[in-house]
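Quick one: the structure is below, and I'll ask about it shortly.
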Amino acid sequence: MRVDNIIINLNKPKGMTSQHAVTKVRRTLGAKKAGHAGTLDPLATGVLLVCLNEATKISRFLMDKDKEYRARMKLGERTDTLDADGCVIEAKSVGNISVRQIEDAAREFIGRIEQTPPMYSAVKHKGTPLYALARKGLAIERSVRTIEVHAIKIIAVDLPYIDMTISCSKGTYIRSLCDDLGVRLGTLAHLTSLSRIRCGMFTLEHAVHLHDLPHDMKNFRAYPYVCMIDDALADIFEIYLNEDDYRKARNGAPIGAMNFRIASSQPFVRLKSPSGELFGIGRVDNTKITIERLINSPTKDIT
């Protein structure tokens, strides 16, 4: 059996790259294409959204969702990768730091802040991932990015370790946040463990382990870790097209937006056929809607 056009909420295991996890899901379920919506480092576990076949076309929309992480950091040491997979390159006394001091320091990172991607990251420089350059001993100047940290909650302190949860926007490097927090506390720090516990509507509670994925997923809609494309995009406004607009849109032509009550804050819309089938994502541009993604077929089981 082959399963088409769905999103799998996978609990990625520690020590595995995101791409390796995607490959395992694709082979287990017999999908033609697969991709993920947001990389997790090998050190990290937790929610990795694996998009199969036509669902790969919506991965960018899932990447934009806010994330929540559970992290442990160790004070007193900085590593070259900013996490426990690297080598310690600097050490500094931790001293006597109170929980109140840690909470006060963490609050300073809440809101819109600037962050520089670490050298050991998948960000590319002239087509080459930074981590590949870092392994050659090179350090490249990186552009500062604006991210948003919604909340940081300190849940346990057992110096030199600090456990916390972080709610943040896409593009946030928790390793860099830990490094910056260590400096703010007058010492050094690195990330020792990380779990993504939420990505948008997807939670760790409903994620599946690789070894629990069934090879014969006949009634896949019954599994809590499986999501249809339409459901995954439920927060994007939907519009139903008449036959004429549907035919134009399916052929890639723009259609008028004036007949739909689309809020100015909606950059994209879900495009539905007259019968209610999701067939694409449209970009709203003033008075017209252009086709951003066409989804070629509904989700189905093929036996």
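Of the residues Y173, Y225, Y161, which single one is closer than 29 Å to N53 by Cβ and of a type in the set (S, T, Y)?
Only one candidate passes the filter, namely Y225.
While we're on this one: Restricting region 26-48 to residues that are among the β-branched types (V, I, T) and at pLDDT below 95, which is nearest to T81 (Cα to Cα)?
So, considering only residues that are among the β-branched types (V, I, T) and at pLDDT below 95, the one nearest to T81 (Cα to Cα) is T39.
Between a first residue in region 181-204 that is without any contact (Cβ under 8 Å) to a residue 60 or more places away in the chain and a second residue that is crowded, with 19+ Cβ neighbours inside 10 Å, which pairs have beta carbons less than 7 Å apart while being 6 or more apart in sequence or on different chains?
none
Look at region 268-288 and say how many of its residues are in contact with an Asp or Glu (Cβ under 9 Å, 6 or more places away or on another chain) and farther than 24 Å from L52 by Cα.
1
Hey, another quick one. Any idea which of (1) assigned to a strand (DSSP E or B); (2) in contact with a helix residue (DSSP H, G or I) (Cβ under 9 Å, 6 or more places away or on another chain) is the one L181 doesn't satisfy?
Of (1) assigned to a strand (DSSP E or B); (2) in contact with a helix residue (DSSP H, G or I) (Cβ under 9 Å, 6 or more places away or on another chain), only one is false for L181: (1).
While we're on this one: Run G127 past the list (1) in contact with a helix residue (DSSP H, G or I) (Cβ under 9 Å, 6 or more places away or on another chain); (2) closer than 21 Å to G38 by Cα; (3) at pLDDT below 95 and report the number of the one that doesn't hold.
Evaluating G127 over (1) in contact with a helix residue (DSSP H, G or I) (Cβ under 9 Å, 6 or more places away or on another chain); (2) closer than 21 Å to G38 by Cα; (3) at pLDDT below 95 leaves (1) as the failure.
Can you pull out every residue in region 24-51 that is assigned to a loop (DSSP other than H, G, I, E, B) and out of contact with any strand residue (DSSP E or B) (no Cβ under 6 Å at 6 or more places or on another chain)?
K32, K33, G38, T39, D41, P42
Answer yes or no as to whether V50 is of a type in the set (A, V, I, L, M, F, W, C), surrounded by 23 or more Cβ atoms within 10 Å (Cβ to Cβ) and in the same structural domain as A207 (by TED's automatic domain parsing).
It is true that V50 is of a type in the set (A, V, I, L, M, F, W, C), surrounded by 23 or more Cβ atoms within 10 Å (Cβ to Cβ) and in the same structural domain as A207 (by TED's automatic domain parsing).
Is there a residue being over 30 Å from R270 (Cα atoms), outside the structural domain of Y120 (by TED's automatic domain parsing) and modelled with pLDDT under 95 anywhere in region 139-149?
no
Can I ask one more? Quickly run through region 132-152 and pick out the residues that are touching a residue at least 24 places away in the same chain (Cβ under 8 Å) and surrounded by 12 or more Cβ atoms within 10 Å (Cβ to Cβ).
Selection gives A134, R142, R145, I147, E148, V149, H150, A151, I152.
Among T39, T81, T28, which is the only one that is hydroxyl-bearing (S, T, Y) and assigned by TED's automatic domain parsing to the domain that holds L181?
Going through T39, T81, T28 in turn, the sole match is T81.
Mind counting the residues in region 153-171 that are surrounded by fewer than 20 Cβ atoms within 10 Å (Cβ to Cβ) and of a type in the set (V, I, T)?
Total meeting the criteria: 4.
Moving on to the next point. Kindly indicate which of K153, K170 is more than 13 Å from L75 (Cα to Cα), out of contact with any Leu (no Cβ under 8 Å at 6 or more places or on another chain), charged (D, E, K, R) and modelled with pLDDT under 95.
K170
Go through region 281-295 and count every residue that is more than 14 Å from R261 (Cα to Cα) and among the basic types (K, R).
Looking only at that region, the number is 2.
The values are calculated or read from the model by the stated rules, or taken from the named source; none is laboratory data. These numbers were taken from a predicted model, which means no experiment stands behind them. Neighbour counts are summed over all protein chains in view; Cβ atoms, including those assigned to glycine, are modelled from backbone coordinates with ideal geometry.
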